[in-house]
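Accompanying notes for the structure given below.
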Amino acid sequence: MINIWYPVKPKPAPRPRVTKRGTYNPKDYTDWKKGLSFLAKTKMKNPLENEICLRIDFFYEIPKSWSTKKKESTKWHTNKPDIDNLIKSVMDGLNGIAYKDDSQVISIQARKQYAQFTGVKIEILRGIE
């Protein structure tokens, strides 16, 4: 199992922007993805082969404006961004580094939750463990 902690606010994969010159993604998204890719390179020598399972936890800071009661009773982040777009950004950032191609991913477990911090915790498993 390979663990990656990316202490940056989770960024969803956007729809590519279309211009007369072609398509592109916003700079803040490409920077976020490059940061994740760089971090993954420090953890891995070569991309894994065969089937891969991912466990991803997305952490969002609890809003300071919330009452103490709401802070204590709310665990799950049910607001935007959508979890499928968050998963896509992680898979794109790890593609070619943690695994040769994201088609190798056979299982994904993902959660969005509130915490005292922000970031993304990723566990990469060989096959189903």
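The values are calculated or read from the model by the stated rules, or taken from the named source; none is laboratory data. Not measured: the values here are computed from a predicted model. All Cβ positions, glycine included, derive from the backbone under ideal geometry; neighbour counts span all protein chains shown.
Could you grab me the full set of residues in the range 48-76 that are out of contact with any helix residue (DSSP H, G or I) (no Cβ under 9 Å at 6 or more places or on another chain), free of Cβ contacts under 8 Å to residues at least 60 places away in the same chain and either of a type outside the set (F, W, Y) or closer than 16 Å to I124 by Cβ (or both)?
If the condition is that a residue be out of contact with any helix residue (DSSP H, G or I) (no Cβ under 9 Å at 6 or more places or on another chain), free of Cβ contacts under 8 Å to residues at least 60 places away in the same chain and either of a type outside the set (F, W, Y) or closer than 16 Å to I124 by Cβ (or both), then E61, K64, S65, S67, T68, K69, K70, K71, E72, S73, T74, K75 are the ones that fit.
Which residues, taken from the range 55-98, are modelled with pLDDT of 95 or more and of a type in the set (F, W, Y)?
F58, F59, Y60, W76
Being farther than 24 Å from E61 by Cα, touching a residue at least 24 places away in the same chain (Cβ under 8 Å) and within 14 Å of the chain's Cα centre (by Cα) is the requirement here; does A110 meet it?
Answer is no for this residue.
Condition (residue is of a type in the set (A, V, I, L, M) and within 25 Å of W76 (Cα to Cα)) applied to the range 14-21: is it met by at least one residue?
no
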